[in-house]
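Throughout, read-outs are computed from the coordinates displayed, never taken from laboratory work. Please read these numbers as outputs of a predicted model, since none were measured by experiment. Methodologically, a virtual Cβ is constructed for each residue, glycine included, from the backbone with ideal geometry; neighbour enumeration extends over all protein chains shown.
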Amino acid sequence: MKYYILGFQNYFNMSGKSTKEEFWYFILIQILLSILVSLLSVNYITIAFCLLTIIPTLSIQCRRLNDVGKNKFWALSPLGLVIIDIILYFFLIENHSIIKNILFVILGLLKGIVIILLIVWYLKDSKRDTQMG
């Protein structure tokens, strides 16, 4: 629980560093709390919980990416792909179009690749650990 609290103490710290342990414990507790809140509460509380925790989650992702030597803006890449999905869905292409289906498949694959890449980076050892050893 101390890592979850530490994530909130560093709420707006996007430039620091975060260890693997700190990152994964925060994410584990975040997932468990998200499931618990969504099962036990009404939609308004779930939305409030998501809004309350989005910045600490993004900040710990940015710190973890900084720690492994990657650009912190990669943490926003899945959100960007979802926004592109929404734009395609509502504005660019008619319903039941083959082009729309192909673009959604391509975007789905791209999202999967980005998420796998992020997980691999999150699992890497810290830059400071590899330089010392």
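Side notes on the structure shown:
- Cα long-axis angle, helix 77-87 against the chain (0 to 90 degrees, to the nearest 10): 20
- Cα gyration tensor category, rounded, prolate or oblate, for the chain with a/c compared to 1.5: oblate
- Under Karplus coefficients 6.51, -1.76 and 1.60, residue-wise ³J(HN,Hα) of the range 46-62 in Hz, glycine/proline x: 4, 5, 4, 4, 4, 5, 5, 9, 5, 5, x, 5, 5, 5, 6, 5, 4
- Relative packing of peptides 98-104, 37-43 - highest average C-beta neighbours within 10 Å first: 98-104, 37-43
- Simple spin-label estimate for I98 and I35 in nanometres, 7 Å along Cα-Cβ: 4.2
- Ordering of 16-27, 56-67 by packing [mean C-beta count within 10 Å, highest first]: 56-67, 16-27
- Approximate spin-label separation I113-I55, in nm, with each point projected 7 Å along Cα-to-Cβ: 3.4
- Computed from phi, the 3J(HN,Hα) profile of the range 9-15 under the Karplus parametrisation 6.51, -1.76, 1.60 (θ = phi - 60°) reads 5, 9, 3, 10, 8, 9, 10 Hz, with x in place of Gly and Pro.
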